[in-house]
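The values are calculated or read from the model by the stated rules, or taken from the named source; none is laboratory data. These numbers were taken from a predicted model, which means no experiment stands behind them. No Cβ is skipped: glycine too gets one built from the backbone with ideal geometry, and neighbour counts run over all protein chains shown.
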Amino acid sequence: MELTERVKSRDRVVVVGGGITGLAAAHRLVSRASTASRPIEVVLLEAKDWIGGAIWTERADGFTIEGGADSFITNKPWALDLCRDLGLGDQIIATDDRNRRSFVVRGGKLLPVPEGFVLMAPGRMMPLLTSPILSARGKLRMLMDLVIPRKADDSDESLAAFVRRRLGREALDRLVQPLVGGIYTADPNELSLKATLPQFPAMEREHGSLILAAIRQGRQARAAERAASGARYGLFASLADGMDTLTRALAASLPPRTLRLGASVRRIVRPDPGQPWRVELLDGPPIEAGGVILTTEAHASARLIDGFDPELALQLRSIPYASSAIVTVAYRKDQVAHPLDGFGVVVPAIEGRSILAVSFLSVKFPRRAPAGTALMRVFVGGATQPELFELGDDELKALVRGELASLLGASGEPLLIGVARHSRAMPQYTLGHLDRVAAIRQRSARHSRLALAGNAFHGVGIPDCVRSGQEAADSMLLALADPAAPAAA
Ligand SMILES: Cc1cc2nc3c(=O)[nH]c(=O)nc-3n(C[C@H](O)[C@H](O)[C@H](O)COP(=O)(O)OP(=O)(O)OC[C@H]3O[C@@H](n4cnc5c(N)ncnc54)[C@H](O)[C@@H]3O)c2cc1C
């Protein structure tokens, strides 16, 4: 007999959203439910005709093109562990260490980010003191971090305020803003330090100085690396055949008919408390379910639940999102004057240019492009230049070609050029984010067997999304086993 016929609707869990969070949640539900006594049917609904959300890979003429994420961080274990669980351990690839450095633009030129400088922690003194990126005055101001007292209270502050206070304005404008802006496509004046990079206030608290903390932690990390055994990947890893290897493997691990593509959810209704949820689709009959996990963008989830909890919808809408475009461009290497001897370049806002960053994908990871060619990803838009996201594809391509000509000396027709758009895809953890998330959790706990997961809450990176999906699945299984328990948000 078909599982669908055997299970009652209360034993069905609908996961909305087929990005990495939804896939990780569905995979966890299926694998844990198979060992539970009661059968559970999982239905994963994705509005688009393909899975992966912000992760998608295309292959053309020997190029592996990442439309969204191109790698994941390895110091948070959840993505690495999931890859291994899925049997993808031998496909995990490390960054190519031969060119392990990045550049920052100053006065239109590419200068190396000082060795040991990670986001906003100067881990080594000499490279920083000899770098032409900062003026002598800027360096002196940065060194004052060694004597500036710790912040007296534990309140949150913006990332920009923190860096100005500890390292000075020049370090913010010339290094931290472009390095962090490239990751979050965000304005550091708005970002909550505690929500985005909580390790840095912890460094200040524990060591009284970012410089001392970074130097000590660097020593510990090198010692741990020397003592470690087994596979090591450096800070970032990817998958040999592209990032969608992970999302495709997750989809393939689900039982037949679990995943429904082109299934756009219109709204979620609960006729009476204690009754099953009714998941209404734009097209097709509604689905009844004992539990619902929403992994859609916070603004999309808000639309789905507006009918039964407008207050929660309002709270979800208060998480702002930014849009960005990735323009992927390939040239023959002889068309590019710069040697591309690094992983990429970040562009400070004060340089007044139209791009946020360029990632040299074919330098960063092996087998991304045919020999003799260079594959690059150029980031445009984000929270600081939203108007550029509105440009048409041809205008974006022209803009990017102009910037690459000026910054890297790229000339002639590219071998390929394409635009991938991410509309309102990147949540911005602005000041007050942690309070907003706590309020959302409190409010959503009123709705038994409704869980909220995804990149809007506790981390935008792939490992955080994997964890978020898995935790939502675990709490849903607990809630299904004990109908009195709510599935935590
Ligand atoms: C441009 C860009 C580059 C990035 N690069 C990296 C990187 O290199 N490394 C890294 O770790 N992280 C990176 N990130 C972050 C990371 O990729 C994302 O945070 C993560 O993939 C989000 O996964 P998710 O499943 O939570 O959400 P999403 O991937 O946004 O998935 C949500 C899904 O819900 C679907 N949906 C929406 N509404 C409905 C509806 N009504 N019915 C059904 N389905 C619906 C959407 O179609 C979408 O597929 C990047 C993000 C962006 C935008």
State yes or no: is ALA121 in the same structural domain as GLN177 (by TED's automatic domain parsing) and free of Cβ contacts under 8 Å to residues at least 12 places away in the same chain?
-> no
Out of SER34, SER9, which single residue is surrounded by fewer than 14 Cβ atoms within 10 Å (Cβ to Cβ) and not assigned by TED's automatic domain parsing to the domain that holds SER359?
-> SER34
Among GLN220, GLN315, which is the only one that is part of a helix (DSSP H, G or I), touching a residue at least 40 places away in the same chain (Cβ under 8 Å) and either farther than 30 Å from ASP61 by Cα or among the charged types (D, E, K, R) (or both)?
-> GLN315
Using beta carbons and a limit of 6 Å, which pairs, at least six apart or on different chains, have the first residue in the stretch 61-73 and farther than 14 Å from ARG421 by Cα and the second one near the ligand (Cβ under 6 Å from one of its atoms)?
-> PHE72/ILE462; ILE73/GLY461
Counting only residues that are within 14 Å of the ligand (Cβ to nearest atom), surrounded by fewer than 19 Cβ atoms within 10 Å (Cβ to Cβ) and in a loop (DSSP other than H, G, I, E, B), how many does the stretch 242-264 have?
-> 3
All positions within the stretch 118-137 that are over 24 Å from GLN199 (Cα atoms) and among the small types (Gly, Ala, Ser) | SER131, SER135, ALA136
On the given criteria, is GLY18 closer than 20 Å to SER448 by Cα, near the ligand (Cβ under 7 Å from one of its atoms), touching a residue at least 12 places away in the same chain (Cβ under 8 Å) and touching a helix residue (DSSP H, G or I) at 6+ places or on another chain (Cβ under 9 Å)?
-> no
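For every residue, the table says whether it meets (1) within 11 Å of the ligand (Cβ to nearest atom); (2) buried (at least 17 other Cβ atoms within 10 Å of the Cβ).
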| residue | (1), (2) |
| --- | --- |
| ASP272 | no, no |
| ASP309 | no, yes |
| ILE326 | yes, yes |
| LYS333 | no, no |
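Name the residues in the stretch 405-445 that are hydrophobic (A, V, I, L, M, F, W, C) and without any contact (Cβ under 8 Å) to a residue 12 or more places away in the chain, would you? Let's see the steps before the verdict.
Taking the stretch 405-445 as the starting set, the residues that turn out to be hydrophobic (A, V, I, L, M, F, W, C) are 405, 407-408, 410, 415-417, 419-420, 425-426, 431, 434, 437-440, 445.
Scanning the stretch 405-445 gives ALA405, ALA438.
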Report, by residue number, each residue of the stretch 162-205 that is outside any helix (DSSP H, G or I) and hydrophobic (A, V, I, L, M, F, W, C).
-> LEU167, ALA186, LEU191, LEU197
The stretch 48-91: number of residues that are within 20 Å of THR21 (Cα to Cα) and either under 18 Å from the mean Cα position of the chain (by Cα) or surrounded by 21 or more Cβ atoms within 10 Å (Cβ to Cβ) (or both) = 25
